[in-house]
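The values are calculated or read from the model by the stated rules, or taken from the named source; none is laboratory data. As the structure is a computational prediction, the values presented were derived from the model and not from experiment. Every residue, glycine as well, gets a Cβ built from its backbone with ideal geometry; the counts of neighbours run over all protein chains shown. The area values use the complete protein model at the heavy-atom level, side chains included, leaving out ligands, DNA and RNA. Shrake-Rupley method; radii C 1.70, N 1.55, O 1.52, S 1.80 Å.
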Amino acid sequence: MQVKNVRYTPGGGAEIVHVDVDEPGPGQVQVEVAACGICSWDLQTFRAGGDSAYAAPPGHEGVGYIAKLGAGVSGWEVGDRVAGGGFARLRNMPANRVYRIPDSDLADHHWIVEPVSCVVTGMDHCQLKAGERLAMVGCGFMGLMMLQGLRGVGADQLIALDVDDRRLDLALGAGATEAHNVTAPGFDDVKRDLAGRGIDTVVDTSGAQSGLDLATDIVRRAGRINLFGWIKGDKATFNPSTWHGKAISLVNSSPGAQMRDPFPPAIRLIHKGVIDLKPLVTHVVDIDDYPTFMQGVTSGEIGDYIKGVVSHGTA
């Protein structure tokens, strides 16, 4: 059967293509994808092109329904809602690589589990103790979800830092105890104040050299920098004398650093409303509109963007 999918074109951009999907093989299930989140990795790949060194696959944040069972598959039924899949309407996956979503009134586009699983790994690596202080550098989709998850752990301070006032307002709603725009006049004074507070952990979700530099400046002596964001490319810099003198510990909390299977706790956090995607999913688009939509997001023509989701129309 042929279905629509996204292909990132060389040098930048994307187009809609048709791909063949076979019957599911032994041990596989066929997922009919209802929605799939647009990752920041997708945005970067749209800018750089499908031939770039760090190109994303066409979607990896899917949610859908089991449409067919391959030979030997048990424990699943056609119609079960699951986390798994990409932008294509149909995808065959190993049955042990999809995760059951419990009965819920949440719309499909509010069940984008994969990025929440990444947040679980990021939270695990914070190792935040009750009464400690944490700063979040970058309050995009991932940073906002992490603040939602951390607000109940007993932190003394959850400090949000970003370049966008709207995201900072969302951060306060997500659980931040204070929020500061790093581009605002007078932020140098704020930064000096933060550097003197004894911030135990700084999570850098920014994926930018400037974010890593800020984390280095404000983390306490013998504190921890949690490098959650991906500084895409092959080079980043740090001051080794500063890191040595402050005895900074650095942990990489990318998905490969998971300390446990993060999908089951991610599903529970969404189901219980601890992490709530409703205020964060700002745009839902049909797959046919994906190239035009991405051009608008990456050019800045589409404002107030936090998280986009590709929808196939199933609610």
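Do we have any residue at all in segment 80-93 that's polar (S, T, N, Q), free of Cβ contacts under 8 Å to residues at least 60 places away in the same chain and either farther than 17 Å from GLY313 by Cα or open to solvent by less than 10 Å² (accessible area, probe 1.4 Å) (or both)?
No, every residue in segment 80-93 fails to be polar (S, T, N, Q), free of Cβ contacts under 8 Å to residues at least 60 places away in the same chain and either farther than 17 Å from GLY313 by Cα or open to solvent by less than 10 Å² (accessible area, probe 1.4 Å) (or both).
Scan segment 129-173 for residues that are free of Cβ contacts under 8 Å to residues at least 60 places away in the same chain and over 19 Å from ARG224 (Cα atoms) and jot them down.
Those that are free of Cβ contacts under 8 Å to residues at least 60 places away in the same chain and over 19 Å from ARG224 (Cα atoms): ASP162, VAL163, ASP164, ASP165, LEU168, ASP169, ALA171, LEU172.
Scanning for something assigned to a strand (DSSP E or B), over 15 Å from PHE46 (Cβ atoms) and touching a residue at least 12 places away in the same chain (Cβ under 8 Å), does segment 283-301 turn up at least one residue?
First, pick out the residues of segment 283-301 that are assigned to a strand (DSSP E or B): 283-286.
This time we only want the ones that are over 15 Å from PHE46 (Cβ atoms), so: 284, 286.
Checking which are touching a residue at least 12 places away in the same chain (Cβ under 8 Å) leaves us with 284, 286.
So far as segment 283-301 goes, yes, one or more of its residues are assigned to a strand (DSSP E or B), over 15 Å from PHE46 (Cβ atoms) and touching a residue at least 12 places away in the same chain (Cβ under 8 Å).
With the structure loaded, tell me whether VAL29 is within 21 Å of VAL116 (Cβ to Cβ), crowded, with 19+ Cβ neighbours inside 10 Å and either touching a strand residue (DSSP E or B) at 6+ places or on another chain (Cβ under 8 Å) or not aliphatic (A, V, I, L, M) (or both) or whether it fails that test.
Considered against the rule, which asks whether it is within 21 Å of VAL116 (Cβ to Cβ), crowded, with 19+ Cβ neighbours inside 10 Å and either touching a strand residue (DSSP E or B) at 6+ places or on another chain (Cβ under 8 Å) or not aliphatic (A, V, I, L, M) (or both), VAL29 comes out as no.
Let me spell it out: the conditions are (1) surrounded by 14 or more Cβ atoms within 10 Å (Cβ to Cβ); (2) at pLDDT 95 or above; (3) out of contact with any Cys (no Cβ under 8 Å at 6 or more places or on another chain); (4) closer than 25 Å to VAL309 by Cβ, and LYS232 meets all of them except one. Which number is the exception?
(2)
Within segment 125-140, count every residue that is in a loop (DSSP other than H, G, I, E, B), out of contact with any Phe, Trp or Tyr (no Cβ under 9 Å at 6 or more places or on another chain) and surrounded by 24 or more Cβ atoms within 10 Å (Cβ to Cβ).
So the answer is 1.
Among the listed residues ILE302, ILE267, ILE231, ILE225, identify the single one that is more than 26 Å from LEU128 (Cα to Cα) and among the aliphatic types (A, V, I, L, M). Walk me through how you get there before you give the answer.
Working: ILE267 fails: more than 26 Å from LEU128 (Cα to Cα); ILE231 fails: more than 26 Å from LEU128 (Cα to Cα); ILE225 fails: more than 26 Å from LEU128 (Cα to Cα).
None of the others qualify; the one that does is ILE302.
Would you check if there is a residue in segment 182-189 being more than 23 Å from ALA257 (Cα to Cα), of a type in the set (Asp, Glu), over 26 Å from the mean Cα position of the chain (by Cα) and part of a helix (DSSP H, G or I)?
Step one: filter segment 182-189 for residues more than 23 Å from ALA257 (Cα to Cα), giving 182-189.
Subsequent filtering for residues that are of a type in the set (Asp, Glu) retains 188-189.
Next cut, over 26 Å from the mean Cα position of the chain (by Cα) only: 188-189.
Those still in the list that are part of a helix (DSSP H, G or I) too: 188-189.
The answer is yes; a qualifying residue exists.
Which count do you get for residues in segment 40-51 that are touching a Lys or Arg at 6+ places or on another chain (Cβ under 9 Å) and open to solvent by less than 50 Å² (accessible area, probe 1.4 Å)?
The qualifying residues number 2.
Among residues belonging to segment 302-312 that are in a strand (DSSP E or B) and of a type outside the set (Lys, Arg), point out the one that is surrounded by the most Cβ atoms within 10 Å (Cβ to Cβ). Lay out the reasoning, then the answer.
Applying the first criterion (in a strand (DSSP E or B)) to segment 302-312 yields 307-311.
Imposing the further condition that a residue be of a type outside the set (Lys, Arg) reduces the set to 308-311.
Values: GLY308: 24, VAL309: 23, VAL310: 28, SER311: 19.
Selected residue: VAL310.
Provide a single number: the residues in segment 144-179 that are closer than 17 Å to ALA208 by Cβ and either open to solvent by 40 Å² or more (accessible area, probe 1.4 Å) or in a loop (DSSP other than H, G, I, E, B) (or both).
Qualifying residue count, segment 144-179: 3.
How about segment 254-282: which of its residues are out of contact with any Lys or Arg (no Cβ under 9 Å at 6 or more places or on another chain), open to solvent by 20 Å² or more (accessible area, probe 1.4 Å), of a type outside the set (Gly, Ala, Ser) and in contact (Cβ under 8 Å) with a residue 60 or more places away in the chain? Let's see the steps before the verdict.
Filtering segment 254-282 down to residues out of contact with any Lys or Arg (no Cβ under 9 Å at 6 or more places or on another chain) leaves 254-266, 268-273, 275-276, 278-279.
Still in the running and open to solvent by 20 Å² or more (accessible area, probe 1.4 Å): 254-261, 263-264, 268-269, 271-273, 276, 278-279.
Of the ones still in play, those that are also of a type outside the set (Gly, Ala, Ser) are 255, 258-261, 263-264, 268-269, 271-272, 276, 278-279.
Within segment 254-282, PRO255, GLN258, MET259, ARG260, PHE263, PRO264, LEU269, HIS271, ASP276, LYS278, PRO279 qualify.
Please give the strands (runs of 3 or more DSSP E) falling wholly within segment 1-89 in which 3 or more residues are within 20 Å of TRP111 (Cα to Cα). Give the derivation first.
Details: elements: 2-8, 14-20, 28-38, 62-69, 81-83.
Where strands (runs of 3 or more DSSP E) fall fully within segment 1-89 and carry at least 3 residues being within 20 Å of TRP111 (Cα to Cα), they are 28-38, 62-69, 81-83.
Considering (1) in contact with a Lys or Arg (Cβ under 8 Å, 6 or more places away or on another chain); (2) under 30 Å from LEU280 (Cβ atoms), say which one HIS18 fails and leave the rest.
(2)
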